[in-house]
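> I'd like to ask you about the structure that follows.
The values are calculated or read from the model by the stated rules, or taken from the named source; none is laboratory data. Note that the structure is predicted; figures quoted are calculated from it, not measured. No Cβ is skipped: glycine too gets one built from the backbone with ideal geometry, and neighbour counts run over all protein chains shown.
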Ligand SMILES: *Cc1c(COP(=O)(O)O)cnc(C)c1O
């Protein structure tokens, strides 16, 4: 096969990933796992798992069984949990793969009792999210008796806000822990970790902050950017004074303006909401985005980058908290939306 280099790459900083995990692990909780669902938030679940397992992370979480299957074989001494539990069509995978379901309803508990061959499981209890999980009264009613529960989980709905719901969920979770025996208890995602050590329990489950997202202000200065989208310049041209650039002619050159066209567009997850706010850099020089984002192309004003030329790489502005604030997309969407045309390049 001919090796054709992609004109789009996602540069990934493994040292930053590991540094973020270590910082999160130090904030509370006896152990710190990693949520690697949605292909490791778009960065590449297998590589994320490999780097974090080498750093000492032992507990990983994906959403469904096809994600679990794609991660086989697992590194040594690593446990994988499947957050969506077991639907009727998941039982073959759940019996075959070395991963645990996180049972999410009385129905799933029944299914696992009947078909799980006594294998260990995790259980999700709902303490206020009303998404997945047994209600506390269901969990305490004997429905779970006799199950080999490895980890009992709950999930915080508003941990990234100063909401009274956090303390309410913490109290509700403590009450569940007192009633339901499990080997370990786990409550906090990235933002939950930042609420303080009370939320840590035996195991924390960060996702976003591992990948450079800032879940709460207290993480600022500790969490490092991991993912750097980069796109090649296809051509450099001059938009003459009075001419417009791109679909809809939304940008007009006030003077003769050097423009570079980069090999990236909304089909790569670089959505049209970046128009007017987006930018890129080349060797420290800033190139503001101009006009609309096209499917495969984006134009940048190269007035401040006189040497930017065809074939050069642009580093797209992707500081998650500030791009999220400006674009209206969440930090989660900014990561998970990055498309398949980016070559994931770990350094
Ligand atoms: C996605 C997820 C996490 C990780 O959440 P972040 O906000 O990305 O840290 C933890 N627990 C559960 C149940 C999840 O679904």
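> Which of the residues that make up region 34-50 are surrounded by fewer than 22 Cβ atoms within 10 Å (Cβ to Cβ) and either closer than 16 Å to residue 19 by Cα or outside the structural domain of residue 66 (by TED's automatic domain parsing) (or both)?
47, 49, 50
> If you go through region 104-148, how many residues are touching a residue at least 24 places away in the same chain (Cβ under 8 Å) and outside any loop (DSSP other than H, G, I, E, B)?
17
> Another question, then. What is the residue count in region 226-253 for residues that are outside any strand (DSSP E or B) and more than 16 Å from the ligand (Cβ to nearest atom)?
10
> Kindly evaluate residue 64 against the criterion of being out of contact with any strand residue (DSSP E or B) (no Cβ under 8 Å at 6 or more places or on another chain) and within 16 Å of the ligand (Cβ to nearest atom).
In short, no.
> Same structure again: Of all residues in region 141-178, how many are within 26 Å of residue 118 (Cα to Cα) and surrounded by 14 or more Cβ atoms within 10 Å (Cβ to Cβ)? Outline the logic, then answer.
Just the residues of region 141-178 that are within 26 Å of residue 118 (Cα to Cα), to begin with: 141-155, 173, 176-178.
Now drop any that are not surrounded by 14 or more Cβ atoms within 10 Å (Cβ to Cβ), which leaves 143-144, 147, 149-155, 173, 176-177.
Residues meeting the conditions: 13.
> Considering only residues of region 91-108 that are over 30 Å from residue 55 (Cβ atoms) and surrounded by fewer than 23 Cβ atoms within 10 Å (Cβ to Cβ), which is nearest to the ligand (Cβ to nearest atom)? Quick ask: steps written out before the conclusion?
Residues of region 91-108 that are over 30 Å from residue 55 (Cβ atoms), as a first pass: 91-92, 95, 105-108.
With surrounded by fewer than 23 Cβ atoms within 10 Å (Cβ to Cβ) added as a condition, the list becomes 91-92, 95, 105-107.
Working: 91: 21, 92: 24, 95: 23, 105: 14, 106: 18, 107: 19 Å.
By that ranking, first place goes to 105.
> Sort through 43, 80, 74, 52 and tell me the only one that's in contact (Cβ under 8 Å) with a residue 60 or more places away in the chain and not in a helix (DSSP H, G or I). Break it down stepwise before answering.
Details: 80 fails: in contact (Cβ under 8 Å) with a residue 60 or more places away in the chain; 74 fails: in contact (Cβ under 8 Å) with a residue 60 or more places away in the chain; 52 fails: not in a helix (DSSP H, G or I).
Matching residue, one of 43, 80, 74, 52: 43.
> Also, quick follow-up: Could you please find all residues in region 18-33 being closer than 20 Å to residue 77 by Cα and either touching a residue at least 40 places away in the same chain (Cβ under 8 Å) or not assigned by TED's automatic domain parsing to the domain that holds residue 199 (or both)? Break it down stepwise before answering.
Kept after step one, since they are closer than 20 Å to residue 77 by Cα, are these residues of region 18-33: 18, 21-22, 25, 29-33.
Scanning region 18-33 gives 21, 25, 29, 30, 31, 32, 33.
> It is to be established whether one or more residues within region 2-14 are surrounded by 15 or more Cβ atoms within 10 Å (Cβ to Cβ) and out of contact with any strand residue (DSSP E or B) (no Cβ under 9 Å at 6 or more places or on another chain).
Within region 2-14 (the criterion being surrounded by 15 or more Cβ atoms within 10 Å (Cβ to Cβ) and out of contact with any strand residue (DSSP E or B) (no Cβ under 9 Å at 6 or more places or on another chain)), the answer is no, since none of the residues qualifies.
Residue by residue, here is whether (1) closer than 20 Å to residue 33 by Cβ; (2) more than 12 Å from the ligand (Cβ to nearest atom) holds:
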{"residue": "155", "(1), (2)": "yes, no"}
{"residue": "158", "(1), (2)": "no, no"}
{"residue": "161", "(1), (2)": "no, yes"}
{"residue": "189", "(1), (2)": "yes, no"}
{"residue": "194", "(1), (2)": "yes, no"}
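> Answer with yes or no whether residue 210 is crowded, with 22+ Cβ neighbours inside 10 Å, touching a helix residue (DSSP H, G or I) at 6+ places or on another chain (Cβ under 8 Å) and in contact (Cβ under 8 Å) with a residue 40 or more places away in the chain. Before you say what the answer is, go through the steps one by one.
Working: crowded, with 22+ Cβ neighbours inside 10 Å: yes; touching a helix residue (DSSP H, G or I) at 6+ places or on another chain (Cβ under 8 Å): yes; in contact (Cβ under 8 Å) with a residue 40 or more places away in the chain: yes.
In short, yes.
> Additional query: If you go through region 51-70 one residue at a time, how many are more than 27 Å from residue 195 (Cα to Cα) and buried (at least 21 other Cβ atoms within 10 Å of the Cβ)?
Number satisfying all stated conditions: 3.
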